[in-house]
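First comes the structure, then the notes that go with it.
Nothing in this text is a laboratory measurement; each read-out follows from the coordinates by a stated rule. Everything numeric in this text was worked out from a predicted model, so none of it was measured. Cβ sites come from the backbone with ideal geometry, for glycine too, and all protein chains shown count toward neighbours.
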Amino acid sequence: MVTTSIDMIRNGSSRWKNTAVGYFLGKRPYFHHLNAYVRSIWPAIREVTATVTGFYFFQFKTEAAMEEVIEGGHGCSKVPVWIKLRHLPVELWTTDGLSTVASGIGKPLYPDAITRACTRLDFARVCVMLDINSKLPRHVIIMIPLENGGETACKVDVEYEWVPPKCKNCMSLGHATTACPDSKKVEKPPISVVQKRTMSPRSSSLLRRRMLPVRCSKRRTKLGR
């Protein structure tokens, strides 16, 4: 057994000053997606770290900034998301071309290094700022001008690597509608159960002996007699 001092505990605690701890109940996002997301909505964030057990540590520059985030919740509607642009014409593998195509989906932010170097032409990977309240298109139609003065249409397919779940009940990001903490639980009415009882052979025999046969007379009586 070893003993620690109070000064040692205080020094260790100061490292995590102004830090909030979070945990995802559903599927965890990629760390670099989450890191870019929280930095875009929380300007006062200083550092984001994670553990293999699923806990995330969000350290803020000031205590006031941390308290504001905790009390304010997550009522934002915009989030940075990586998208893949497939069947993109090679003429548009430029900064201006990628930005123009990505603007049909959201606000263009930046491409990844492989896309910038044009060493993978199967798809272009671009980070865009999405408005979750808007419809997320699955493709973008591009009109490409021709040298003879005409133009041709090109369809570029869009694939989203990750989109945070959105609740249709409270309109917040981070949880599905079925997991909304504000939804009221509807109590189901009790179900009555009818138990089937089996008659014993003895009871069945006694019942048959007590039953009296009833015969229906075929004689008809005229009306009035």
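Within 11 Å, Cβ to Cβ, of TRP82, how many net charges do the neighbouring residues add up to if Lys/Arg are +1 and Asp/Glu are -1?
-1
Measure of size requested: the Rg and Dmax of the range 103-150, with Cα atoms as the atom set and Å as the unit; please supply both.
Rg then Dmax for the range 103-150, in Å: 13.9, 41.
Apply the Debye scattering formula to the range 17-73, with a single equal point scatterer on each alpha-carbon and no solvent, then give log10 I(q)/I(0) at q = 0.22, 0.24, 0.25 Å⁻¹.
Normalising to I(0) and taking log10 leaves -0.87, -1.02, -1.09.
Under 14 Å Cα-Cα from LYS84, which aspartates and glutamates qualify once same-chain neighbours fewer than 8 residues away are excluded?
Answer for LYS84, where 14 Å is the Cα cut-off: ASP112, ASP122, ASP157, GLU159, GLU161, listed by chain and number.
Any aspartates and glutamates with Cα under 19 Å of the LYS17 Cα? List them, leaving off those in the same chain fewer than 8 positions away.
Straight-distance partners of LYS17: ASP7, GLU47, GLU63, GLU67, GLU68, GLU71.
How long is the gain from TYR110 to ALA179 if the chain were fully straight, where each residue apart is worth 0.36 nm and the alpha carbon distance is subtracted?
21.5 nm
Test of understanding: extend the Cα→C-beta vector of ALA65 to 7 Å, then name every residue of the range 1-23 with backbone N under 19 Å from that spot.
14-22
Given N residues in the range 50-103, what is Rg(Cα) / (2.2 N^0.38 Å)?
1.87
Could you give the length gained by full extension between LYS135 and ARG86, i.e. 0.36 nm per residue of separation minus their alpha carbon distance, to one decimal place?
Computed gain between LYS135 and ARG86 is 15.7 nm.
Among all the aspartates and glutamates, which ones have a C-alpha under 15 Å from LYS107's C-alpha, if same-chain residues fewer than 8 places away are not counted?
Counting by Cα, and skipping residues close in sequence, LYS107 has these aspartates and glutamates nearby: ASP96, ASP131.
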